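Have a look at the structure below before the remarks.
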Amino acid sequence: MSASAPARADGREAEARCSPGRPRRARSLAGGALLVIGALLLPLSLAAVWARAELTDTDRYVATVAPLAGNPAIQDAVVHDVTNGVMPHVRLDGLLKAVPRAERPALRRKFTLGIREFVDKQVRQVVTARTFPALWTGVHRTAHRTLDGTLATSGNAPVTLDLAPVLARVRHQLTGNALGIDIVRHVPPTGTSIVLLKSPDVPHFRTGFRAARTGARLLPPAAALCLLAGLLLVRRRRRALVGTALGCALACALLSATLALLRARLLNALPTAVSRPAADAYTDALTAALRTGVWSTIGAAALVIALATAGPLAARLRRTTVPKHRPRTVPGPEATP
């Protein structure tokens, strides 16, 4: 037999001894990859579930925007929009017939300003009354149902916030004054509305809605399975748990920063006719649930990190603080005097 035979045998034995480490390493790498994927899917799951809930659940949406009825910025915006809807129907020609033609422009501006202040006061009384929250929720309930119908069909009709119920109450308020009766005679019962979604934006919004609806069904279980399988595959689970919690917190923080950036861009793109304070209040109310979910996840991740690191740290502190007792030596017979 040649001298190389023992060398081959030793090589095969060494390879056999090292082979069990490769599957473990592969399992750890696969577990780490799953943990990264799960941490990335977690904020996407939160966003998808929030979007589906706000777009498909009318009761939840109405409950979200209901507190805005008492928001001063929202009330000012409604007063401004309704007053702008009433003023084009005000007719002053009959009042200016007896005035010389040269004096009519200045007098028209003065009358218009006075009538606008009168209408603004009447509208504000309606908006600040106890019955306005019911009007507000009814208007938004109708708008949300219209949005659901638009997203469920293939049409591109715009979605508007119809303020006709508010205008009807304003018409009733104006009938209590002689000047108001003349104004009501010319103001139509409908026609005042706020465009929430323009026709060209409907197809893009429908695509996003379908993606959010599909993601809300698939992303949460996928994220949970990735995180659970990853923790089961890795070897050092405590360290992996800390790293996963940190990754989830960072991913949620990135989602929060993205939301803030999108919010700023959307508000900056609004037309000048739209009240910026009202848009701020509406956006904050609409995204409150998502922001709460993001920060709750970050808090839960911080708690997991604290609990996972508290055990080993306490053990190290106990090892360093416990004094080492040396064995006491008993003197032998020869040491006695």
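The values are calculated or read from the model by the stated rules, or taken from the named source; none is laboratory data. Everything numeric in this text was worked out from a predicted model, so none of it was measured. So basically every Cβ, Gly included, is an ideal-geometry build from the backbone, and we count neighbours across all protein chains shown. Heads up: the accessible areas ignore ligands, DNA and RNA and are worked out on the full protein's heavy atoms, side chains in. Shrake-Rupley method; radii C 1.70, N 1.55, O 1.52, S 1.80 Å.
Quick grid of which residues meet (1) buried (at least 16 other Cβ atoms within 10 Å of the Cβ); (2) at pLDDT below 90; (3) under 39 Å from the mean Cα position of the chain (by Cα):
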{"residue": "A285", "(1), (2), (3)": "yes, no, yes"}
{"residue": "G293", "(1), (2), (3)": "yes, no, yes"}
{"residue": "T297", "(1), (2), (3)": "yes, no, yes"}
{"residue": "P312", "(1), (2), (3)": "no, yes, yes"}
{"residue": "A315", "(1), (2), (3)": "no, yes, no"}
{"residue": "R319", "(1), (2), (3)": "no, yes, no"}
{"residue": "V322", "(1), (2), (3)": "no, yes, no"}
{"residue": "H325", "(1), (2), (3)": "no, yes, no"}
Q.
Tell me whether segment 98-116 contains one or more residues that are closer than 23 Å to L286 by Cα and out of contact with any helix residue (DSSP H, G or I) (no Cβ under 8 Å at 6 or more places or on another chain).
A. no
Q.
Show the residue pairs meeting these rules: Cβ distance below 6 Å; 6+ apart or different chains; first residue within segment 213-229 and more than 21 Å from L241 (Cα to Cα); second residue open to solvent by 40 Å² or more (accessible area, probe 1.4 Å).
A. R213/R52; A216/V49; A216/R52
Q: Determine whether segment 252-269 contains at least one residue that is out of contact with any His (no Cβ under 6 Å at 6 or more places or on another chain) and outside any helix (DSSP H, G or I).
A: yes
Q. If you check every pair at least six apart or on different chains, which have Cβ atoms under 8 Å apart with a residue in segment 272-298 that is under 18 Å from A47 (Cα atoms) and outside any helix (DSSP H, G or I) first and a residue that is charged (D, E, K, R) and open to solvent by 40 Å² or more (accessible area, probe 1.4 Å) second?
A. T287/R263
Q: Go through segment 142-156 and count every residue that is open to solvent by less than 70 Å² (accessible area, probe 1.4 Å) and either assigned to a helix (DSSP H, G or I) or under 15 Å from V62 (Cβ atoms) (or both).
A: 8
Q: Starting from segment 36-63, take each residue that is free of Cβ contacts under 8 Å to residues at least 24 places away in the same chain and list its partners that are assigned to a helix (DSSP H, G or I), counting only C-beta distances under 8 angstrom and pairs at least six apart or across chains.
A: R60/A53; R60/E54
Q) Just checking, how many residues over segment 117-139 are surrounded by 19 or more Cβ atoms within 10 Å (Cβ to Cβ), in contact (Cβ under 8 Å) with a residue 60 or more places away in the chain and farther than 18 Å from L161 by Cβ? A) 1
(Q) Just the residues that are in a helix (DSSP H, G or I), modelled with pLDDT of 70 or more, open to solvent by 20 Å² or more (accessible area, probe 1.4 Å) and under 30 Å from Q125 (Cβ atoms), please, taken from segment 157-216. (A) P165, A168, R169, R171, H172, Q173
Q. Could we say that T56 is at pLDDT below 90, open to solvent by 30 Å² or more (accessible area, probe 1.4 Å), β-branched (V, I, T) and within 30 Å of T146 (Cβ to Cβ) here?
A. yes
